[in-house]
Every structure is written in C-alpha cells, then in structure tokens.
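**Q** To start, I am sharing the structure in question, which I have written as structure tokens.
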Amino acid sequence: MTTEVREQITEWLTGNDTCFLLGAGCSMCEGKPLIGKLTENVLNDADAKLKEHFGALKASGERPATIEDLINYLVRYRDILDTITNADGHGVSVGEIDSWLAEIKKKIVTEVADDWKAGSYHERFLQRLRGPRDRSPRDIFSLNYDTLLEASLDSVRLPYTDGFRGTNRGWFDSSTFDEAGVGIAYRIFKLHGSINWTRDTSGCVRRGRNANEDAADEPIVVYPSEQKYLQTQYGVYETLIGRFRNRLRIPGVNNCLVVLGYSFNDEHINEAICDAVNANNSNLTIIAFVGPEQDRGKQDERLTAFSARCDSRFNAFIGNDQTGTFIGHALDADAANAVLKGDFWKFENLVDFIAGKTA
C-alpha cells in the first residue's frame with residue numbers, strides 16, 4: 001500500500017468532519033453475536049407458538065428474518081389487537097405478546113452480556129480518533145445493543161455524552177447532545193437502544209449500568225426502528241434517528257460517514273444515508289468496510305444499486321482482495337485492491353492499521 005493510499009484512509013477515519021456508523025461486526029472481536037446467531041440463541045427454547053409466528057415471517061430482501069423483525073412484527077400485531085373490540089379470532093392476545101416481548105428482550109441482554117466490560121480494540125480505536133487539537137466532540141452512531149463503547153470510554157477516561165442525565169437511573173434528555181462542547185470527546189447515539197436502557201411506568205427511558213439488576217421489573221429498551229411506541233413515548237427513536245439525519249447533512253466540505261461492521265440491510269438506516277447524500281448542497285461521502293456475505297454476487301448487486309442511489313458518493317470495500325470488491329469512485333482500481341488486502345472489514349484489522357499493532 002502506497003503512502004498516499006495510507007494517508008487517504010487515515011484522513012477518512014480521523015478527519016475532523018468524519019462521523020461513524022458502527023454495526024454488529026465491530027463487536028465480534030469481543031465475542032458479541034451477529035444478528036443471525038443472536039436470533040438463533042434467543043429462539044432456541046422459546047415458546048412453540050412464538051416460533052410458529054417467527055417461522056411465518058418473510059425474508060427481508062436477501063436476508064432471512066431476524067429477532068429484530070420478530071420484535072417489529074409483534075409490536076405491530078399488538079397495536080392491531082389494541083384497536084379491535086374482540087381479538088378471539090386471532091389466536092393470540094395482547095398479554096401473550098407482552099410476555100413474549102419481555103422474554104425476548106431479557107434473552108437478548110443475556111446473550112449480548114451486560115457486563116460493562118471494555119474492549120481492547122475499542123479502547124485503542126477511541127483513543128486514536130481523538131487528536132490533541134480536537135475541540136468538538138466526535139459523533140458515533142451505533143446499531144449495537146452492547147455497552148462496549150461506553151465501557152471502553154470509561155476505561156480510557158474519555159468524557160462522553162449518550163443522551164442521558166444522571167448516573168445509575170439516568171433519564172433520556174436529548175439536550176445533553178447540544179450541551180456537549182469543549183471537554184467532551186464523544187457523543188454516542190445508540191439508534192437501536194441498549195441492553196442497559198429500560199422504560200419506567202411513566203414512559204421515561206432510563207439508563208442504568210445493568211438493566212436486569214438496576215431495574216428488574218421494567219421493560220428493556222432494545223428496539224428496531226419500527227417500534228412506534230418509542231416514537232411517542234418521549235420520542236427516543238425519533239430523536240436519535242433525527243440526530244443521525246441532521247449530522248449527515250452538516251455543511252463541512254469534507255463531511256464523511258465511515259461505516260464499520262454494518263451490512264446495509266436496515267432500510268431505515270439506508271434511507272437516512274441516501275437522503276442525506278441527495279440533499280441540497282450535500283458534501284457527504286460514505287466510506288464503508290463491509291464483511292463478505294455468502295452470496296457475493298447478490299451482495300455486490302445490492303450495494304452497487306445503493307451506490308447509484310447515492311449519486312456515486314458511496315464507496316464500499318467488501319471483503320478482501322481474493323473474493324472482495326470495491327464499489328465506488330474514491331480510489332482507482334490498484335489503490336482499492338491494496339485497501340482490500342488489509343481485510344479492514346474486520347474491526348481489529350482496521351484498528352491495528354490506524355493505531356498500530358500491540359506487542
């Protein structure tokens with residue numbers, strides 16, 4: 001890899017106008033499950049009736065249904081049952097759905113492991129991104145339920161805001177993001193909730209250190225983007241996705257979104273990115289390091305189509321130089337192939353590249 005290419009990648013990752021979108025692939029190095037494995041584990045000993053409902057779900061595009069799709073379906077079904085006077089013909093009750101949702105979320109917490117444990121790669125990543133002259137916080141948008149980011153920031157003593165006030169029973173208050181100025185290193189936006197968030201009886205979303213211990217009787221707030229009740233209950237999802245959309249539209253000439261560990265299978269996230277690229281006076285460029293899927297042909301086809309929707313300002317390095325592909329125009333073919341050799345879709349390889357390998 002030439003010096004020029006190394007400098008370009010470093011600039012994408014550490015530039016003052018760069019923000020990040022992190023998916024489940026960034027937590028694999030710490031033993032956290034991808035969505036497919038999480039789905040399998042959560043449903044392993046689930047109620048047979050619930051499994052039947054899950055088995056009837058259609059695939060979403062090219063991927064099979066996941067536990068997030070099941071949560072979406074159950075919440076929508078519950079909303080329907082709430083609008084009719086007699087639900088006998090449906091074979092499922094609001095009470096059953098509530099019980100299923102509560103059990104699913106508790107199992108997610110167990111599988112993801114709410115241990116408030118820092119990750120060595122996350123620590124190095126977060127330290128490397130902060131330059132000595134940085135005056136404003138860096139924005140990280142995460143689709144993950146785990147607490148690796150927060151625990152790692154605590155471990156290396158980098159101050160951050162996550163949208164909550166208070167400590168063990170903190171409450172969601174989006175104005176904390178606006179108050180973050182000098183002295184705050186990061187703003188963390190957890191777009192799909194977190195295993196240490198719960199919703200109290202008044203509807204307020206609260207953040208503890210461990211959801212199962214701090215608020216054992218409160219519903220755990222892990223949610224895909226279609227859970228409408230969270231848009232009306234203090235507007236948590238609506239606020240966070242709005243912040244994501246607005247951040248992608250900042251006027252900086254080098255505005256860049258770096259995407260790590262995300263497969264581009266969430267249409268709500270994809271639409272937010274595409275809309276931002278095509279907004280008036282947008283300067284947004286997307287740089288994505290994407291893991292290879294089993295059907296590489298379909299993956300390339302899907303991401304090529306997405307690139308076309310993004311005015312060719314979407315750049316994706318998929319897999320490695322043996323079976324991978326570069327989609328985009330940010331680099332020429334030789335430079336892109338050199339980047340693919342780095343296997344940067346693996347979070348640990350990317351961290352070693354920008355922060356240096358540990359002894």
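The values are calculated or read from the model by the stated rules, or taken from the named source; none is laboratory data. Only a predicted model underlies this, so the values are computations on that prediction, with no experimental measurement involved. Because the Cβ atoms are built from the backbone with ideal geometry, glycine has one as well, and the counts that use them run over all protein chains shown. Ligands, DNA and RNA are excluded from the accessible area calculation, which covers all protein heavy atoms including side chains. Shrake-Rupley method; radii C 1.70, N 1.55, O 1.52, S 1.80 Å.
Per-residue answers, yes or no, for (1) at pLDDT 90 or above; (2) touching a Ser or Thr at 6+ places or on another chain (Cβ under 6 Å); (3) not small (Gly, Ala, Ser):
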position	(1), (2), (3)
ILE9	yes, no, yes
GLY23	yes, no, no
CYS26	yes, no, yes
GLY61	no, no, no
ASP115	no, no, yes
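**Q** Further question on the same structure: Tally time: how many residues in the range 108-117 are out of contact with any Pro (no Cβ under 8 Å at 6 or more places or on another chain) and buried (at least 19 other Cβ atoms within 10 Å of the Cβ)?
**A** 3
**Q** Okay, moving on. Among the residues of the range 34-45, is there at least one that is of a type in the set (A, V, I, L, M), over 30 Å from ASP343 (Cβ atoms), open to solvent by less than 60 Å² (accessible area, probe 1.4 Å) and under 20 Å from the mean Cα position of the chain (by Cα)?
**A** No, the range 34-45 contains no residue that is of a type in the set (A, V, I, L, M), over 30 Å from ASP343 (Cβ atoms), open to solvent by less than 60 Å² (accessible area, probe 1.4 Å) and under 20 Å from the mean Cα position of the chain (by Cα).
**Q** Still on this model: Do we have VAL112 as within 30 Å of CYS256 (Cβ to Cβ), among the aliphatic types (A, V, I, L, M) and touching a residue at least 40 places away in the same chain (Cβ under 8 Å) here?
**A** The answer is yes for VAL112.
**Q** As an exercise: evaluate TYR77 against (1) within 24 Å of LEU248 (Cβ to Cβ); (2) open to solvent by less than 60 Å² (accessible area, probe 1.4 Å); (3) assigned to a helix (DSSP H, G or I) and give the number of the one condition it does not meet.
**A** Unmet for TYR77, out of (1) within 24 Å of LEU248 (Cβ to Cβ); (2) open to solvent by less than 60 Å² (accessible area, probe 1.4 Å); (3) assigned to a helix (DSSP H, G or I): (1).
**Q** Taking the range 318-359 on its own, how many of its residues are farther than 19 Å from GLY23 by Cα, free of Cβ contacts under 8 Å to residues at least 12 places away in the same chain and not small (Gly, Ala, Ser)?
**A** 4
**Q** Then there is this: For the range 15-24, indicate whether the set of residues that are in contact with a Phe, Trp or Tyr (Cβ under 7 Å, 6 or more places away or on another chain), part of a loop (DSSP other than H, G, I, E, B), closer than 30 Å to VAL339 by Cα and open to solvent by less than 60 Å² (accessible area, probe 1.4 Å) is non-empty.
**A** yes
**Q** For the range 349-359, give me each residue that is of a type in the set (Val, Ile, Thr) and either over 22 Å from the mean Cα position of the chain (by Cα) or open to solvent by 10 Å² or more (accessible area, probe 1.4 Å) (or both).
**A** ILE354, THR358
**Q** With a cut-off of at least 3 residues that are of a type in the set (A, V, I, L, M, F, W, C), at pLDDT 90 or above and surrounded by fewer than 22 Cβ atoms within 10 Å (Cβ to Cβ), name the helices (runs of 4 or more DSSP H) lying wholly within the range 144-239.
**A** none
**Q** Can I ask one more? Taking only pairs six or more apart or across chains, which ones have beta-carbon atoms under 7 Å, a first residue in the range 86-104 that is free of Cβ contacts under 8 Å to residues at least 60 places away in the same chain and closer than 15 Å to VAL221 by Cα, and a second residue that is open to solvent by less than 60 Å² (accessible area, probe 1.4 Å) and assigned to a helix (DSSP H, G or I)?
**A** That search, which allows pairs on different chains as well, returns TRP100/LEU50; TRP100/LEU74.
**Q** Would you point out the residue of the range 336-348, among those that are in a helix (DSSP H, G or I) and out of contact with any strand residue (DSSP E or B) (no Cβ under 9 Å at 6 or more places or on another chain), that is most open to solvent (accessible area, probe 1.4 Å)?
**A** By that ranking, first place goes to GLU348.
**Q** Find all pairs meeting these conditions: Cβ atoms under 8 angstrom apart; at least six residues apart or on different chains; first residue within the range 223-251 and under 26 Å from ASP17 (Cα atoms); second residue surrounded by fewer than 17 Cβ atoms within 10 Å (Cβ to Cβ) and modelled with pLDDT under 80.
**A** Qualifying pairs under 8 Å: TYR237/GLN231; GLU238/GLN231.
**Q** Would you confirm whether or not the range 292-307 contains a residue that is on the phi > 0 side of the Ramachandran plot, touching a helix residue (DSSP H, G or I) at 6+ places or on another chain (Cβ under 7 Å) and not aromatic (Phe, Trp, Tyr)?
**A** No, the range 292-307 has no match at all.
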